[in-house]
Every structure is written in C-alpha cells, then in structure tokens.
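One structure is given here, and the rest of the page talks about it.
The values are calculated or read from the model by the stated rules, or taken from the named source; none is laboratory data. A quick note: this is a predicted structure, and the numbers were derived from the prediction, not measured. Ideal geometry is used to build each Cβ from the backbone, glycine not excepted, and the neighbour counts take in all protein chains shown. These area figures cover heavy atoms from the full protein model, side chains too; ligands, DNA and RNA do not enter into them. Shrake-Rupley method; radii C 1.70, N 1.55, O 1.52, S 1.80 Å.
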Amino acid sequence: MLTAAFGLAIAYSQLPRRHKAIVKTTFLHTAGLMEKHWETGEAEGTYEMISPVFWIDGIYTSMEGPKASSYVRLSDKPGIVFLTSFAVRAMDAGTGKPVSNDFICHTNVDFNDTRYFAHFGLEDRIGKQYPRMTSLSHGQENFAFPYGYGVPMPANDWLFVTTQTLNHNLPDIDEKVRHRVQMRYTRNKLRPLMSRTAFIRLPYDKRDPFKEPTDPASNQCIPVETRNHAYDDGKGNMLSGHWVIPPGRRIYRSDVDDQLQIKDSLRLHAAAIHVHPFAEWIELRNKTTGKTIFRSEIRNHNGRIGLERVAAFSSEEGVWLHSDNRHEIIMGTYNTTRENQDMMGSMFLFFYDAELDARLRQTALR
C-alpha cells in the first residue's frame, strides 16, 4: 500500500496543473470533502445554477483551474423560449457573498446540435461546427442580445454548462468559491439568432512546434500544446488556436470564412468575445473592403494580471456580411511581463436566422 501510494504521489506530481486540478477536484467531490452538487432554481424568465465548490490553492492560468459540468433544462414546460442574456458571478462558497471575478476563467454553454436542428427541421446544419452556443469568460462575465432578438430553444431540451476557475495573481491562497450562472429567457416571439464560432488559428511547424523564436512577420506561432486546439488546414499544415505570445506588442490575424459558412449573406447582431490577459483589442474585419465590421476594446488590470473589461458587440440594426467578401479576425496583444504568456482569440457571433424565422412562423400558423 505504501509503495502504491508513493507511486501515485509521484505520478500526480508529474501531471500538468490542469490535470492536477481535475484529479484533486474529483477526489474532493467524490470523498465528500467539498460540496459536489449543483444548486438550481427556475423562475419564469430566469434559470439560475450555482456550481459545486471549487478549491483554489495556487496559481491557475487560463483553462487550468478546477471546473465542473452539468446538464440543465430551462423549463419543464414545453414550447419554444428565446434566450436573451447570460451572466456568471464568483461567490464565496461559505457566505455566498460576491468575490472577485478574477476567479472566473470561462463558462461554456453547449447544445446537442443533432437534437436541436432536427427539432426545427434543419438537419442539413448538423455537424457543421462545434455545438457551442456561447461562452462567458474573464473580463466579459455577462452579455445580452439587442432588443427584440434571442436564441430560440425548446424549453425542455438540455443544455450542457461547464464553468471553470482562474487565479493569475495569488500563489499563496486557500479560497473556496462557487460560480452563480444565470440565463434569462422569454416565451415571447423574438427574431431568432443563430450562433457561429470564429477564432484565430495560426500556423506552426509540425516538425518542430516549440522552436523559438518565430518571425513576427510570418504570422506563425508557437502552440501551447499540440494535443488540444490543434487543427489541420486540409493541406497537411497545422494550425493552433492556443498559442504563446512573447514580451512586447504583437498583431495576429487569421482568415475565418470557413468558420463563418456564409452561403449568401448574413446580418450580424451580437458577439461575445473570449480572449486571455494581455490582449488589447480584437476585431472582425472585411478583408475585401478593408473595413472593420466591429472592434472590441479590451482593458487589462493595472498592477496585476487579468482582464477588467472586454467589450461585447450588440446592434439592433445589424451589419451585413456577404459570401463574395473575405473576412478575418485581427488581434493586438501587449505582453507587459518578461515571460511568454498564452493567448486565444475567439468570437461567438450571432446572426439573424431568416430560415429558422420562417419555420417558426409556419409553426405558429398551424
């Protein structure tokens, strides 16, 4: 038993922080040493869930901290609801009082695309992109769609919610936190939105991916790792959506037309942004005309690592994107430390869904 325990201790010590957090959190929840259950509550128009307890006992950078997932259903009542806003807040596990949102990494809201699109008779959309509806993250812990718009959802269908902790600045910490997640919805008929995810993917040398430095003019990157967020461009070249930024200022850019999947034209009404600390701005640009479609200004903390505010995009009028134009995401970063930092640049884009709107009207007429 001692030999086995010693072997397990050695194996645990060699794990990356991300995997240590998974093992530690699973053990504490399974052993009953920390609350492992989600608390949920539904009032008409709001679904609220409070995560299990997370123990923050050291530095956890982006995507490394303790996390938990749960399936949720907005309502037991049938019918179509329209999601209108999302929010997450960090709170003390003991008192329930708000604590710094620097303890929030991200909160993802995923859906079953097979069931979702089949429900609306849109089977041709199944499997076309990762079924993530949206994500809240550090610096943008809440956002709402413009007036009159929402994402339609069968009220008694399931969503899959994952929330994860973060701690960039406090190495000597012993804090237990929970995340309060809220999703607001209405049963009133709104104009439906579809979600498309677009993110920066940068090429790297698959033969020697971690070789430094890279030429700043080459738009290449050093991936954080090659097991996750790595993509083949279809021509045998590798791309990374999670890369390293060196000290100083840099600009990164990536074509996103294959992610937007514009068949004719789409009207953009909202966007939620996911970036990591040291991002200064990110924008969606019409590469053909050279015009900015929208730009998110990002404010970092002073004196510590973290994001104070990441601006969302919201427009009742909307902005048209056309299939005969090319589109790209451009990001500016400023690493003010002396060490390499990790970076991502993602957008959850919400377009008016004319096809689904027509189907919803037909259903209402019946």
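Hey, any hits in the stretch 139-150 for a residue that's surrounded by fewer than 17 Cβ atoms within 10 Å (Cβ to Cβ) and either of a type in the set (Val, Ile, Thr) or in contact with a helix residue (DSSP H, G or I) (Cβ under 9 Å, 6 or more places away or on another chain) (or both)?
There is no residue in the stretch 139-150 that is surrounded by fewer than 17 Cβ atoms within 10 Å (Cβ to Cβ) and either of a type in the set (Val, Ile, Thr) or in contact with a helix residue (DSSP H, G or I) (Cβ under 9 Å, 6 or more places away or on another chain) (or both).
Out of the stretch 40-56, which residues are open to solvent by 10 Å² or more (accessible area, probe 1.4 Å), at pLDDT 95 or above and either under 26 Å from Asn169 (Cβ atoms) or over 21 Å from the mean Cα position of the chain (by Cα) (or both)?
Across the stretch 40-56, the qualifying residues are Ile50, Val53, Trp55.
Mind listing just one residue for me: the one in the stretch 208-246 that is loosely packed, with under 10 Cβ neighbours inside 10 Å and acidic (Asp, Glu) and, of those, farthest from Glu339 (Cα to Cα)? Please lay out each step first, then the result.
Step one: of the stretch 208-246, the residues loosely packed, with under 10 Cβ neighbours inside 10 Å are 208, 212-213, 215, 217-218, 227, 234-236.
Now restrict to residues that are acidic (Asp, Glu): 208, 212, 215.
On the way: Asp208: 21, Glu212: 13, Asp215: 18 Å.
That would be Asp208.
Can you find a residue that is of a type outside the set (Phe, Trp, Tyr), assigned to a loop (DSSP other than H, G, I, E, B) and touching a Pro at 6+ places or on another chain (Cβ under 6 Å) anywhere in the stretch 145-152? Show your work before the answer.
Applying the first criterion (of a type outside the set (Phe, Trp, Tyr)) to the stretch 145-152 yields 146, 148, 150-152.
Adding the requirement that they be assigned to a loop (DSSP other than H, G, I, E, B) leaves 146, 148.
When the remaining residues are screened for being touching a Pro at 6+ places or on another chain (Cβ under 6 Å), the result is none.
So far as the stretch 145-152 goes, no, none of its residues is of a type outside the set (Phe, Trp, Tyr), assigned to a loop (DSSP other than H, G, I, E, B) and touching a Pro at 6+ places or on another chain (Cβ under 6 Å).
Give all pairs with beta carbons closer than 6 Å in which a residue from the stretch 303-323 that is more than 30 Å from Asp264 (Cβ to Cβ) and in contact (Cβ under 8 Å) with a residue 24 or more places away in the chain meets a residue that is of a type in the set (A, V, I, L, M, F, W, C) and buried (at least 18 other Cβ atoms within 10 Å of the Cβ); count only pairs at least 6 apart in sequence or on separate chains.
Final answer for the pair search is Val310/Ile273; Val310/Ile298.
List the residue pairs whose Cβ atoms are under 7 Å apart, where the first residue sits in the stretch 214-232 and is under 14 Å from Met344 (Cα atoms) and in a strand (DSSP E or B), the second is open to solvent by less than 40 Å² (accessible area, probe 1.4 Å) and among the aromatic types (Phe, Trp, Tyr), and the two are 6 or more positions apart or on different chains.
Pro223/Tyr204; Pro223/Trp243
Does Met63 count as open to solvent by less than 40 Å² (accessible area, probe 1.4 Å), hydrophobic (A, V, I, L, M, F, W, C) and either part of a strand (DSSP E or B) or modelled with pLDDT of 95 or more (or both)? Explain how you work it out, then say what you get.
Details: open to solvent by less than 40 Å² (accessible area, probe 1.4 Å): yes; hydrophobic (A, V, I, L, M, F, W, C): yes; either part of a strand (DSSP E or B) or modelled with pLDDT of 95 or more (or both): no.
Criteria not met by Met63.
Since Phe199 meets every condition but one in (1) in contact (Cβ under 8 Å) with a residue 12 or more places away in the chain; (2) touching a Pro at 6+ places or on another chain (Cβ under 7 Å); (3) within 25 Å of Glu283 (Cβ to Cβ); (4) open to solvent by less than 70 Å² (accessible area, probe 1.4 Å), which condition does it not meet?
Looking at each condition in turn, Phe199 falls short on (2).
Could you please find all residues in the stretch 318-345 being open to solvent by 10 Å² or more (accessible area, probe 1.4 Å) and among the polar types (S, T, N, Q)?
Ser323, Asn325, Thr336, Thr337, Asn340, Gln341
Test each condition in (1) at positive phi; (2) part of a strand (DSSP E or B) for Val88 and report the one that comes out false.
Among (1) at positive phi; (2) part of a strand (DSSP E or B), Val88 violates only (1).
Among (1) under 21 Å from Tyr130 (Cα atoms); (2) in a strand (DSSP E or B); (3) open to solvent by 40 Å² or more (accessible area, probe 1.4 Å), where does Arg295 come up short?
(1)
Count, please, the residues in the stretch 101-117 that happen to be within 16 Å of the chain's Cα centre (by Cα) and free of Cβ contacts under 8 Å to residues at least 60 places away in the same chain. Before you say what the answer is, go through the steps one by one.
Our first condition is that a residue be within 16 Å of the chain's Cα centre (by Cα); within the stretch 101-117, this holds for 101-111.
When the remaining residues are screened for being free of Cβ contacts under 8 Å to residues at least 60 places away in the same chain, the result is 101, 108, 110-111.
Here the count works out to 4.
Every residue in the stretch 77-122 that is surrounded by fewer than 21 Cβ atoms within 10 Å (Cβ to Cβ), within 27 Å of Val53 (Cα to Cα) and β-branched (Val, Ile, Thr), please.
Thr95, Val99 - these are the residues of the stretch 77-122 that are surrounded by fewer than 21 Cβ atoms within 10 Å (Cβ to Cβ), within 27 Å of Val53 (Cα to Cα) and β-branched (Val, Ile, Thr).
Do we have Ile305 as modelled with pLDDT of 95 or more, part of a strand (DSSP E or B) and either within 28 Å of Gly150 (Cβ to Cβ) or open to solvent by 30 Å² or more (accessible area, probe 1.4 Å) (or both) here? Show your work before the answer.
Values: modelled with pLDDT of 95 or more: yes; part of a strand (DSSP E or B): no; either within 28 Å of Gly150 (Cβ to Cβ) or open to solvent by 30 Å² or more (accessible area, probe 1.4 Å) (or both): yes.
Considered against the rule, which asks whether it is modelled with pLDDT of 95 or more, part of a strand (DSSP E or B) and either within 28 Å of Gly150 (Cβ to Cβ) or open to solvent by 30 Å² or more (accessible area, probe 1.4 Å) (or both), Ile305 comes out as no.
What are the residues in the stretch 166-185 that are open to solvent by 30 Å² or more (accessible area, probe 1.4 Å) and not in a loop (DSSP other than H, G, I, E, B), if any?
Listed by number, the residues that qualify are Glu175, Lys176, Arg180, Gln182, Arg184.
Does any residue of the stretch 279-292 turn out to be more than 19 Å from Thr134 (Cβ to Cβ), free of Cβ contacts under 8 Å to residues at least 40 places away in the same chain and either open to solvent by less than 40 Å² (accessible area, probe 1.4 Å) or in a strand (DSSP E or B) (or both)?
Yes, some residue in the stretch 279-292 is more than 19 Å from Thr134 (Cβ to Cβ), free of Cβ contacts under 8 Å to residues at least 40 places away in the same chain and either open to solvent by less than 40 Å² (accessible area, probe 1.4 Å) or in a strand (DSSP E or B) (or both).
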